[in-house]
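Q: This is the structure, below, for whatever I ask next.
Where a number appears in this text, it was derived from the coordinates with a stated rule and is not lab data. Just so it is clear, the model here is predicted, and its values are computed rather than measured. Neighbour counts run over all protein chains shown; Cβ positions are idealised from the backbone, glycine included.
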Amino acid sequence: MSIILNDSLARARLNKRAQRILHRLLGGIIVLWASATVTFFALKLTPGDPVRALLGGPSANPTPETIAATIREFGLDKPVAEQYLFWLKRLLSGDLGLSFSQHQPVAEVIAEQVGPTLQLTLAALLFAWLLALISVLTTASRHRLLSSLGSAIETLSAALPQFWLGIVLLSVFAFGLQWFPPESDEGWAGLVLPSLALAIPLAGFMSQVMREAFGIAIEQPFVLSARARGVSDLAVRLRHVLRHALLPAVSLSAWAVGALMGNAVLIELIFSRQGIGRQLYQAVMKQDMPLTVGITLVITLAYIVTSLLVDILYVVIDPRIEEGRR
């Protein structure tokens, strides 16, 4: 009887997990469609001439016949609604189209440029977590002066504009002290400054939410019980309190990945770094609709995938969350 009951419970858990995954996937598809659609119509409303981009930019001098042929080839002579339906049908088939400005498939352009941006994003996220953990573990719920100083530094860090921070880091540590190369494509050393420019403001946000959760958790009875058993302060913070403080920061990381990839636009420009952020800027400037939409979809997809991974990581950090979902 107990075996049958256990099997029924196991099937029920699997069904609930499958339903949650299905709901997240459907939600992700809707987000991707909305992101692509908004980008498509936003570019259509932007003033300029995409045909010029197709034919070589402002310096080109195409004949009227060439312009007319290009308009017909890319369906730019059709109503916007018809263009959208044709583009959506092609997108659903997995065809991101041809880049207007680079004259090669969008998928190839993204494949060439996504690596450096992912490298930058992951390095920035790692630095942000490291800085946030150091700040919270060393200053949260300590002496009032130390705790206030840590909180003030976190607030200041969160308010720093990333592009301004990038310029300051470049000026001081690359051109001034010459500790790091000014162009970030020069190996791992060139990754430090752009990563810190993205990471420091994010670390400020993360440490603020961690500090609040840390302060609540450290006042709980299980912490008092651990200290009564003679557990050291460091062990209490690492083993018992930190797990509860991590959860809001883990949730914030899902948003952070998409935000970091989006904010990489200016950082890649400042540090002369290759990546999809720099490509996105150039695509918007040239009204390269297929490339702009393709990069936007990649950034949105990164956010969706990270959100799914965060759901899994939540349960790993605190298994009670899974119990609460049953």
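Q: Can you compute the FRET efficiency between residue 212 and residue 44 using 1/(1 + (r/R0)^6), with r the Cβ-Cβ distance and R0 = 51 Å? Round to the nearest 0.05.
A: 0.70
Q: If R0 is 35 Å, what FRET efficiency do you get for residue 65 and residue 108 from their C-beta distance, rounded to 0.05?
A: The calculated FRET efficiency here is 0.75.
Q: Determine the gain in length on full extension of the stretch residue 84-residue 145; use 0.36 nm per residue of separation and subtract their C-alpha separation, reporting nm with one decimal.
A: This chain segment gains 16.1 nm when fully extended.
Q: Another question, if that's okay. Under 5 Å between amide H atoms, partner at least 5 residues away or on a different chain: which partners does residue 98 have, H built in plane at 1.01 Å?
A: Residues meeting the amide H criterion: 106.
Q: I would also like to ask the following. Given R₀ = 41 Å, what would the calculated FRET efficiency be for residue 235 paired with residue 173, taking r from the Cβ atoms and rounding to 0.05?
A: 0.65
Q: By average Cβ neighbour count within 10 Å, what is the ranking of 170-178, 147-155, 119-127 from highest down?
A: Result, highest mean Cβ count within 10 Å first: 119-127, 147-155, 170-178.
Q: Explain nothing, just compute: Karplus ³J(HN,Hα) = 6.51 cos²θ - 1.76 cosθ + 1.60, θ = phi - 60°, for every residue of segment 163-173 in order, whole Hz, x for Gly and Pro.
A: Once rounded to whole Hz, the list reads 5, 5, 4, x, 5, 5, 4, 5, 5, 7, 8.
Q: While we're looking at this one, here's another question. Taking N as the number of residues in segment 106-325, what is its Cα Rg relative to 2.2 N^0.38 Å?
A: Values: Rg = 19.7 Å, N = 220, 2.2 N^0.38 = 17.1 Å.
Cα Rg divided by the expected 2.2 N^0.38 Å: 1.15.
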